[in-house]
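The values are calculated or read from the model by the stated rules, or taken from the named source; none is laboratory data. Everything numeric here is computed off the predicted structure, so don't read it as measured data. No Cβ is skipped: glycine too gets one built from the backbone with ideal geometry, and neighbour counts run over all protein chains shown. For the accessible areas, the whole protein counts, side chains as well, though only heavy atoms, and no ligand, DNA or RNA atoms are used. Shrake-Rupley method; radii C 1.70, N 1.55, O 1.52, S 1.80 Å.
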Amino acid sequence: MTPLADDKGHAGGMPPSGADPSPAEELKQAVIDGREVRRGGGEPAEQGHGWGEDRQLPADVLYDLLVRAEGAARPRAAILAGLRITGRLNLEAADLQAPLSAHSCFFDQPINLTDAKGAEINLTACHLPGLACNRIELGGALNLSKTTASRPI
């Protein structure tokens, strides 16, 4: 008896053996476990506009993991390195369920942290087109070390 195949022809609905999961799929479990999701070989974030799909993470997926935590397992941390965050990460007035640490990440659109509340946010060596963070309340630091922004923060 052969296992059922999904709509892409993969047996049992699983990706073929040896295939890397997408950043979004990997991040979902990693946030629960507090593990890092890393792509690339340490290239500067300013090169992120040319990174392919294997390094892209939709901002709405990150939002859901940080704000809309589901189930009994509370997320431990979103730790990203070398990813391109696509779309607008709008965390305005959000109560973050886990710390966010992004290192050498490229953000396509400005980040909105206005009135957000959470443990801590580290955006180190990242490229941001802009950042709004008025009235942010954090239990720890907002670390922007070595981050570049194309517009004022």
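Taking 0.36 nm per residue of separation and subtracting the Cα-Cα distance, full extension of the segment from residue 95 to residue 151 would add 17.6 nm. The listed peptides 33-41, 113-121, ordered by packing as a protection proxy, come out as 113-121, 33-41 (highest mean of other Cβ atoms within 10 Å first). Per residue, the accessible area of the range 66-134 comes to 38 Å², computed with a 1.4 Å probe over protein heavy atoms only. Fully extending the segment from residue 141 to residue 124 would add 4.9 nm, taking 0.36 nm per residue of separation and subtracting the current Cα-Cα distance.
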